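Trainee: Take this structure, written in structure tokens, and hold onto it; I'll ask about it next.
The values are calculated or read from the model by the stated rules, or taken from the named source; none is laboratory data. Note that the structure is predicted; figures quoted are calculated from it, not measured. Cβ coordinates were reconstructed from backbone atoms using ideal geometry, including for glycine residues, and neighbour counts include every protein chain displayed.
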Amino acid sequence: MKLKSLVPQSGFLLVLRFLALVLWSFPGARTLDNGLAMTPTMGWLHWERFMCNTDCQGEPDSCISEKLFMQMAELMESDGWKDVGYEYLCIDDCWMAPKRDSKGRLQADPKRFPSGIRGLADYVHSKGLKLGIYADVGNKTCAGFPGSFGHYDIDAKTFADWGVDLLKFDGCYCDSVEHLEKGYKHMSLALNRTGRSIVYSCEWPLYMWPFRKPNYTEIRQYCNHWRNFEDVYDSWQSVKSILAWTSSNQKRIVDVAGPGGWNDPDMLVIGNFGLSWDQQVTQMALWAIMAAPLLMSNDLRHISPQAKALLQNKDVIAINQDPLGKQGYRLRKEDNIEVWERPLSDLAWAVAMVNLQEIGGPRFHTISIASLGQGLACIPDCMITQLLPEKRELGFYQWTSDLKTKINPTGTVLLQLAAT
Ligand code: GLA
């Protein structure tokens, strides 16, 4: 076979590149107009690791209290997290007192948050970070604390007065789909009316799915990110099920994501107990491909150097935060190996190969470079760098060449292809 005849000629190449530029820069659906989350939100969220532990007497170091958040804020600043982009320190459920105050406002549990949320926000801001909080569109939060139904305006105002920078709005205890939709929209507008910049993190589609298919174009007009699927757990089974859901729904959800509005596959559980090293690599690589918010839920006081390095990997974070803001997708699945790809700015591509076979050792997988990026990823040649599991320059590849990789069971090889 003559190599040359397969490589397109230069005029043709220019046209292809131009077409790619036009295609990738075509604006997505209209977005929530608050100017926030132009790249996926990065930060820390307490839920998966600390859940609803309110027992500060018995477990003072892991209960939901201002002390926990102050310690995390300190570490986010001192241990390099803030420097690589983790900015939002987010409170999840179980921060509230069981009742609203005499003026109908939500209030923090006074024993666990003696400085109040205002005091905590001041502290977090003094570290150069932002504070996230949690509330619920229905009558109660999922853990049974006061819900915002009927109180959207006052709650939005309270959060703004406290200096909150992000709201995670859950969808438990809502009595109808109509209330759910209206509630998510109402809170979005109420937050906007406060005049404070508050990232709006929704779970609207997750709670819609049992009733009818969510209208993602509409959701994007109200939310900065939205959960689609079940809560992440500290297990491979959970991470695997999130990836499976995402790939089987990609036609519906990928194109709607972009600057200002993102699909949220839930927290990163890297640095905890349930994932092997290879599985942690898979979560980090695929959350980058999916343009997912990077909200870690782990204990920054006790985290292995290896997990920390993975979470702070600047090359992988750069893929996640790529300014073009195109979400990646699964290109194919063959013999239990999945190939995912994501277009990046400057005509670069990220490619992830996941080995889903849970028996045996590392497997070799060969991809034809021409099959990547709709044929445009490496034309006429490109520079390929392996970013995970460890960084290695693989060198120049031609459009016509093949690339052979070795992938550990449940692990991922993440590559970056740069135009030359
Ligand atoms: C729901 C959400 C989780 C978490 C809990 C808190 O399950 O999906 O992310 O916020 O509620 O109760």
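Trainee: Can you tell me which residue is farthest from the ligand (Cβ to nearest atom) among those in the stretch 222-248 that are surrounded by fewer than 17 Cβ atoms within 10 Å (Cβ to Cβ) and closer than 21 Å to residue 184 by Cβ?
Mentor: Among those residues, the one meeting the criterion is 245.
Trainee: I've got another one for you. Applying the selection to the stretch 128-145, what residues are crowded, with 20+ Cβ neighbours inside 10 Å and either near the ligand (Cβ under 9 Å from one of its atoms) or in a strand (DSSP E or B) (or both)?
Mentor: 130, 131, 132, 133, 134, 135, 136, 141, 142, 145, listed by residue number.
Trainee: Answer yes or no as to whether residue 406 is touching a residue at least 12 places away in the same chain (Cβ under 8 Å) and closer than 14 Å to residue 278 by Cα. Quick ask: steps written out before the conclusion?
Mentor: Details: touching a residue at least 12 places away in the same chain (Cβ under 8 Å): yes; closer than 14 Å to residue 278 by Cα: yes.
In short, yes.
Trainee: Kindly indicate whether residue 144 is out of contact with any Gly (no Cβ under 9 Å at 6 or more places or on another chain) and either modelled with pLDDT of 95 or more or of a type in the set (A, V, I, L, M, F, W, C) (or both). Spell out how you get there, then give the answer.
Mentor: Values: out of contact with any Gly (no Cβ under 9 Å at 6 or more places or on another chain): yes; either modelled with pLDDT of 95 or more or of a type in the set (A, V, I, L, M, F, W, C) (or both): yes.
Taking the combined requirement at face value, the residue satisfies it.
Trainee: Residues in the stretch 374-383: is at least one surrounded by 17 or more Cβ atoms within 10 Å (Cβ to Cβ) and assigned to a helix (DSSP H, G or I)?
Mentor: no
Trainee: Would you confirm whether any residue within the stretch 263-270 is away from the ligand (no atom under 16 Å from the Cβ), under 19 Å from residue 233 (Cβ atoms), surrounded by fewer than 19 Cβ atoms within 10 Å (Cβ to Cβ) and at pLDDT 95 or above?
Mentor: At the first step, the residues of the stretch 263-270 found to be away from the ligand (no atom under 16 Å from the Cβ) are 270.
Then drop every residue that is not under 19 Å from residue 233 (Cβ atoms), which leaves 270.
Next, from what is left, pick out any that are surrounded by fewer than 19 Cβ atoms within 10 Å (Cβ to Cβ): none.
Looking for residues that are away from the ligand (no atom under 16 Å from the Cβ), under 19 Å from residue 233 (Cβ atoms), surrounded by fewer than 19 Cβ atoms within 10 Å (Cβ to Cβ) and at pLDDT 95 or above, one finds none in the stretch 263-270, hence no.
Trainee: Somewhere in the stretch 91-100, is a residue farther than 21 Å from residue 311 by Cα, within 16 Å of the ligand (Cβ to nearest atom), in contact (Cβ under 8 Å) with a residue 24 or more places away in the chain and assigned to a strand (DSSP E or B)?
Mentor: yes
Trainee: Assess whether residue 182 counts as being surrounded by fewer than 24 Cβ atoms within 10 Å (Cβ to Cβ) and either away from the ligand (no atom under 16 Å from the Cβ) or modelled with pLDDT under 95 (or both). Lay out the reasoning, then the answer.
Mentor: Values: surrounded by fewer than 24 Cβ atoms within 10 Å (Cβ to Cβ): yes; either away from the ligand (no atom under 16 Å from the Cβ) or modelled with pLDDT under 95 (or both): yes.
Spelling it out, residue 182 is indeed surrounded by fewer than 24 Cβ atoms within 10 Å (Cβ to Cβ) and either away from the ligand (no atom under 16 Å from the Cβ) or modelled with pLDDT under 95 (or both).
Trainee: Restricting attention to the stretch 185-218, report how many residues are buried (at least 22 other Cβ atoms within 10 Å of the Cβ) and free of Cβ contacts under 8 Å to residues at least 24 places away in the same chain.
Mentor: 1
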